[in-house]
């Protein structure tokens, strides 16, 4: 797999390809139905806010968009926001995603009951994202 620096459009395309080729993720996430809008707040090396969008459906990624406008996806199932340092800590395995949610380092808007019932899917998504992240900006 080619290495791509997070955050970048290449990184997002790499994540999309990995989500669609990872058999373990496909099996764990087979009943997941929900799109995600991510907002990363500027901090450290990230000088301006960044967004990306993933349409996750039954263990595949149907769409991945880099820097979409929020108005293009007015009603995502989940909107996640975190500072650049916190999201990179999650992607490098220094911060557990569930801990990040509980401590509000990763803010989640959406159906928390659904998210909590699908913790294995959430954790495996993070595993794939971590594996897709070879370098941090």
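Some observations on this one:
- Test result for residue 59, in contact with a helix residue (DSSP H, G or I) (Cβ under 8 Å, 6 or more places away or on another chain), at pLDDT 95 or above and on the phi > 0 side of the Ramachandran plot: yes
- Contact map, the range 105-131: residues that are on the phi < 0 side of the Ramachandran plot and in a helix (DSSP H, G or I) paired with residues that are at pLDDT below 95 and surrounded by fewer than 14 Cβ atoms within 10 Å (Cβ to Cβ), Cβ distance under 7 Å, separation 6+ or inter-chain. Pairs shown: 130/93.
- Test: residue 47 is over 15 Å from residue 79 (Cα atoms) and at pLDDT below 95: yes
- Criterion applied to 100, 64 was being touching a helix residue (DSSP H, G or I) at 6+ places or on another chain (Cβ under 6 Å), closer than 19 Å to residue 8 by Cα and modelled with pLDDT of 95 or more, and the one residue passing it is 64.
- Scan of the range 1-50 for residues that are within 20 Å of residue 123 (Cβ to Cβ) and part of a loop (DSSP other than H, G, I, E, B), ordered by number: 22, 29, 30, 31, 32
- Residues (at positive phi and in contact with a strand residue (DSSP E or B) (Cβ under 8 Å, 6 or more places away or on another chain)) located in the range 62-93: 67
- Hey, residue 33 in contact with a helix residue (DSSP H, G or I) (Cβ under 6 Å, 6 or more places away or on another chain), more than 17 Å from residue 15 (Cα to Cα) and touching a residue at least 24 places away in the same chain (Cβ under 8 Å) or not: no
- Total residues in the range 86-98 satisfying the condition of being part of a helix (DSSP H, G or I) and buried (at least 17 other Cβ atoms within 10 Å of the Cβ): the figure is 7.
- Residues satisfying the criterion are present in the range 23-33 (criterion: surrounded by fewer than 19 Cβ atoms within 10 Å (Cβ to Cβ) and under 20 Å from residue 108 (Cβ atoms)).
- Boolean, residue 93 is within 24 Å of residue 4 (Cα to Cα) and more than 13 Å from the chain's Cα centre (by Cα): yes
- Meets criteria (within 13 Å of the chain's Cα centre (by Cα), within 22 Å of residue 134 (Cα to Cα), modelled with pLDDT of 95 or more and surrounded by fewer than 19 Cβ atoms within 10 Å (Cβ to Cβ)) for residue 18: yes
The values are calculated or read from the model by the stated rules, or taken from the named source; none is laboratory data. Note that the coordinates shown come from a computational prediction; the quantities given were computed from them, not determined experimentally. Using ideal geometry, Cβ is built from the backbone for each residue, glycine included, and neighbour counts are taken over all protein chains shown.
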